[in-house]
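Novice: Got a structure for you, questions after.
The values are calculated or read from the model by the stated rules, or taken from the named source; none is laboratory data. Nothing here was measured: the structure is a model prediction, and the numbers come from that model. Every residue, glycine among them, receives a Cβ derived from its backbone with ideal geometry; neighbour counts consider all protein chains shown. All accessible areas refer to the heavy atoms of the entire protein, side chains included, with ligands and DNA or RNA removed. Shrake-Rupley method; radii C 1.70, N 1.55, O 1.52, S 1.80 Å.
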2 protein chains.
Amino acid sequence: MKTFYSEAHRGHAGHFELAGGRLVPCFEKPVRAEYVRARVEEVGLGPVLAPKSWSLDAAARVHDAGYLDFLGRAWDMWAAEGNHTTALAMTWPVRGLRNDIVPTSIEAMLGYYSMDAGAGFMPGTYAAIRGSLDCALTAAECVAGGEAAAFALCRPPGHHAGSAFMGGYCFINNASVAAQWLRDNGAARVAILDVDYHHGNGTQEIFYARGDVLVCNIHGDPNTEYPFFLGHVDETGTGAGEGANANYPLPFGTDFESWGAALDHACGRIEAFGADVVVVSLGVDTFERDPISHFKLTSADYPKIGARIAKLGRPTLFVFEGGYAVDEIGINAVGVLTGFEGR
Amino acid sequence: MKTFYSEAHRGHAGHFELAGGRLVPCFEKPVRAEYVRARVEEVGLGPVLAPKSWSLDAAARVHDAGYLDFLGRAWDMWAAEGNHTTALAMTWPVRGLRNDIVPTSIEAMLGYYSMDAGAGFMPGTYAAIRGSLDCALTAAECVAGGEAAAFALCRPPGHHAGSAFMGGYCFINNASVAAQWLRDNGAARVAILDVDYHHGNGTQEIFYARGDVLVCNIHGDPNTEYPFFLGHVDETGTGAGEGANANYPLPFGTDFESWGAALDHACGRIEAFGADVVVVSLGVDTFERDPISHFKLTSADYPKIGARIAKLGRPTLFVFEGGYAVDEIGINAVGVLTGFEGR
Ligand SMILES: [Zn+2]
Ligand SMILES: [Zn+2]
């Protein structure tokens, strides 16, 4: 399969995040995409191609227009106030505060449009966001054009980004934009299968009231795992989307035996749903040595994930999400793809 | 008038907050209360007394029980995970995320029960919170007992704390708890006048649907000033509270001429409301040299504030809130009190 990769991601570097009461260098760093790309080339998965440039039209189908506009202006507004380090929010509009007025200062807008201090801007961040989006859309176009599968090597990732907020290293929800683009270009029913360790809260939020896009998430229990405030089993969709959202929260220490059972169940949902296309939010932070996660998948398990998804027999778009054990990130991520291809 | 002061505040020290994309030592530090206390003694305002110890019953009248329980356990839960630095949240339940499930891990609970990373726990924080509450209630008891005025030298401050969240250096909303206690102990109508530079969002949230407690706030425009997401003029109360909330957001650079006009208007509201008691959330970060604020009040203006409040002719409880220009914090805060006493 083809891999789409944009060099623009490299400029999104050196950013910090708030964790454990400290500001620490982000685990989400450029080497992640570089190692995955190197592994793609090492195993000869297929060509690594630069994506086409896309406008924001497709993104605007699932994201708030004001939010997208903010993403393009955030760093410049931050720098204009004399800041040189990572642009991070400091206050959030939680319950008891208003969400109906978009504030005008950059400090306030960062909070208004985010869920945490884990999606920080550096000078090259916006170009990286756009390059990542370009990868997702170009790969989606491939799949819509008849290829069995394609790999969008997105960085930054996307699945925590909601319709109008960033968070958890994510800005534009690449998988959601791609799923919507596929809907708008011939697919009547799209399934999103999120196998990242963390619940894809943004993806769920975006499609929660939609019956045409099934969202399945296998992830760490939100009672103890980021993003904490979404991802429970009783979240089954609303309105026209009732029944089109499935969560599989799993406890600390889950190994492939239990994890694979959840995957089997989710695949059954996708078959019953009759998806025309499958979009996989491909995170490999389920790995046993991931520094911020607590599942126990081994490198030998990732090809099995790909093989199980291949059994669905549907055009499949892989969109890269998380994974922070960088030494094995290439082996694990590309393992899913070679497993999908049956080799 | 009597001043109530608890030494327990000193243990709430060395905490950091997120500001400008950095973790910086909090501007809210022990010397603030020490300098105010020293000035109280220097001008001979009256005795400085230790407060009585109070249970959480009065606080539970305006705060969520789970939240109060969390405050008592937060540091120990944080330390049990091997943390030594300030306990700070990292993710918040904004729109699109759930607020109906209280998570179980400390990282998640810190986010669930906060609006920012500006109310951090250190080992001595909870004792300081309780000491601050004790000051507010003991001073309220004084006023209810017939004294014309009393000063609760509270630290940490309280006006940003909502019914179920902390933020902006605040944990328990001392002024709100005191106002409720006054309601429960003979006052039919209570007015809260918040003159801190920042909007007292917690106080507003707590009483927003109540017609028996008038809340008036004079503060920096929330479009550009913390707490950003509350404090607009169209927030006039709801239900039984309709008309019992008044906001006076003012722009950068406001001097006493404009600020005093807002105070006059607020005092008119308090008179019309027929308050039996006035609770003043006394912040002095309106000062021209405050390091985090943008009004232009001078030290000569603070006695005028006290004199204007005295003209209301009602029993008055002063509850200390913000103010970060520490060199002048005593002169300014105590200036309001001596102005009130007409000397
Ligand atoms: Zn993840
Ligand atoms: Zn303040």
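Novice: Could you state how much accessible area A:Ser53 has, in square angstrom rounded to the nearest 10, with a 1.4 Å probe and all protein chains kept in place?
Specialist: Answer for A:Ser53: close to 110 Å² accessible.
Novice: Over the protein assembly as shown, consider all pairs of different Cα atoms and compute the Kirkwood hydrodynamic radius from their mean reciprocal separation; express it in Å, one decimal.
Specialist: Final number for the Kirkwood radius of the protein assembly as shown is 26.2 Å.
Novice: Taking N as the number of residues in segment A:227-268, what is its alpha-carbon radius of gyration divided by 2.2 N^0.38 Å?
Specialist: Numbers: Rg = 11.9 Å, N = 42, 2.2 N^0.38 = 9.1 Å.
Normalised Cα radius of gyration, segment A:227-268: 1.31.
Novice: While we're here: Could you order B:Val48, A:Val143 so the one with the most accessible surface comes first? Probe is 1.4 Å.
Specialist: Correct descending sequence by accessible area is B:Val48, A:Val143.
Novice: Using +1 at the C-beta of Lys and Arg and -1 at the C-beta of Asp and Glu, which of B:Leu312, B:Ala60, A:Cys170 has the Cα lying farthest in the positive direction of the dipole of the protein assembly as shown?
Specialist: Of the candidates, A:Cys170 comes out farthest on the positive side.
Novice: Distance from the Cα centre of segment B:235-290 to that of segment A:87-141, in angstrom?
Specialist: Spelled out, the Cα-based centre of one part sits 33 Å from the other.
Novice: How long are the three semi-axes of the equivalent ellipsoid for segment B:179-237, computed from the Cα gyration tensor as the root of 5 times each eigenvalue, in whole Å, largest first?
Specialist: Semi-axes, largest first: 23, 11, 8 Å.
Novice: When the C-alpha atoms of segment B:1-151 are aligned to their principal axes, what extent does each axis show, in angstrom, from largest down?
Specialist: Reported extents, whole Å, longest axis first: 50, 33, 29.
Novice: Would you kindly calculate the mean projected area, averaged across all directions, of the convex hull enclosing the Cα atoms of segment B:1-40, in square nanometres?
Specialist: Result: 3.4 nm².
Novice: Suppose a student asked you for the relative contact order of chain B, using Cα pairs under 8 Å spaced at least 6 residues apart; what percent would you report?
Specialist: With pairs under 8 Å counted, the relative contact order is 18 percent.
Novice: Mind checking B:106-113 for the average number of partner chain beta-carbons within 10 Å of each residue's beta-carbon?
Specialist: Shielding by partners across B:106-113 averages 4.
Novice: Can you give me the % of accessible surface on the protein assembly as shown that is carbon or sulfur? Probe 1.4 Å, all protein chains present, nothing else counted. The partial results should precede the final answer.
Specialist: Values: 11250 of 21230 Å².
Answer for the protein assembly as shown is 53 percent, counting heavy atoms of protein chains only.
Novice: Could you state the angle between the C-alpha long axis of helix A:326-340 and the longest principal axis of the C-alpha atoms of chain A, as a value from 0 to 90 degrees rounded to the nearest 10?
Specialist: 40 degrees
Novice: While we're looking at this one, here's another question. Taking only C-alpha pairs under 8 Å that are 6+ residues apart, what is the relative contact order of segment A:228-343 in percent? Don't jump to the answer; show the numbers that get you there.
Specialist: On the way: 161 pairs, mean separation 29.8, N = 116.
Over segment A:228-343, the number comes to 26 percent.
Novice: Return an integer: the convex hull volume of the alpha-carbon atoms of chain B, in Å³ per residue.
Specialist: 122 Å³
Novice: Per-residue mean of other chain beta-carbon atoms within 10 angstrom of the beta-carbon, peptide A:11-20?
Specialist: 3
Novice: Using Cα atoms only, what is the angle between the long axis of helix A:125-144 and the major principal axis of chain A, expressed in degrees (0 to 90) to the nearest 10?
Specialist: Between the helix axis and the principal axis of chain A, the angle is about 30 degrees.
Novice: Given bins 10 angstrom wide, list per bin the percent of all Cα-Cα distances in segment A:189-343, short to long.
Specialist: All Cα pairs considered, the percentages come to 12, 45, 35, 8, 0.
Novice: Measuring from centroid to centroid over Cα atoms, what is the spacing of segment A:10-32 and segment B:24-65 in Å?
Specialist: Distance between centres, Cα-based: 39 Å.
Novice: Right, another one. Could you name the lysines in cross-link range of B:Lys296, using Cα to Cα under 26 Å and dropping any fewer than eight places away on the same chain?
Specialist: B:Lys29, B:Lys304, B:Lys311
Novice: I would also like to ask the following. In nm, one decimal, shortest first: how far is the label point of B:Asn99 (7 Å from Cα along Cα to beta carbon) from the matching points in the other copies?
Specialist: 0.9
Novice: Report the accessible surface area buried between chains A and B, summing both sides, using a 1.4 Å probe on protein heavy atoms only, in Å² rounded to the nearest 100.
Specialist: Its buried surface, counting both partners, is about 4400 Å².
Novice: Let me know the charge dipole size of segment A:62-153 about its Cα centre in debye, to the nearest 20, where only the beta-carbon of Lys, Arg (+1) and Asp, Glu (-1) is charged.
Specialist: Roughly 200 debye for segment A:62-153.
Novice: Another question about this same structure. From the gyration tensor of the Cα coordinates in segment B:116-219, what semi-axes in whole Å does the equivalent ellipsoid have, largest first, with each one equal to sqrt(5λ)? Spell out each step's value before the answer.
Specialist: Numbers: eigenvalues 95, 58, 25 Å².
Sorted largest first and rounded, they come to 22, 17, 11 Å.
Novice: If the label for B:Pro47 sits 7 angstrom from Cα along the Cα-to-Cβ line, what are its distances to the same label in every other copy, in nm to one decimal, shortest first?
Specialist: 8.8
Novice: I would also like to ask the following. Could you order the peptides B:122-132, A:23-33 from most to least packed, using the average number of other C-beta atoms within 10 Å per residue?
Specialist: Those peptides, ordered most packed to least, come out B:122-132, A:23-33.
Novice: Another question, if that's okay. Protein chains only, probe 1.4 Å: how do A:Arg37, A:Arg73 rank by accessible area, largest first?
Specialist: I get A:Arg73, A:Arg37, largest accessible area first.
Novice: How many times 2.2 N^0.38 Å is the alpha carbon radius of gyration of segment A:47-114?
Specialist: Dividing the Cα Rg of segment A:47-114 by 2.2 N^0.38 Å gives 1.37.
Novice: Provide the solvent-accessible area of A:Arg308, counting protein heavy atoms only and rolling a 1.4 Å probe, rounded to the nearest 10 Å².
Specialist: Probe radius 1.4 Å; accessible area of A:Arg308 about 40 Å².
Novice: Additional query: Which value, in Å², gives the accessible area per residue of segment B:168-294 when a 1.4 Å probe is used on the protein heavy atoms?
Specialist: So segment B:168-294 comes to 28 Å² accessible per residue, rounded to a whole number.
Novice: Would you work out the relative contact order for segment B:1-75, in percent, from Cα pairs under 8 angstrom that are 6 or more residues apart? Intermediate results must be reported in sequence, preceding the final value.
Specialist: Working: 50 pairs, mean separation 26.8, N = 75.
Relative contact order of segment B:1-75: 36 percent.
Novice: How crowded by other chains is A:219-225, given as the mean number of beta carbons from other chains within 10 Å of each beta carbon?
Specialist: Values: counts 0, 0, 3, 7, 6, 6, 4.
The per-residue average across the peptide is 4.
Novice: Give, rounded to the nearest 20 debye, the magnitude of the charge dipole that segment A:8-142 has about its Cα centre when Lys and Arg contribute +1 at Cβ and Asp and Glu contribute -1 at Cβ.
Specialist: The calculated dipole for segment A:8-142 is roughly 200 debye.
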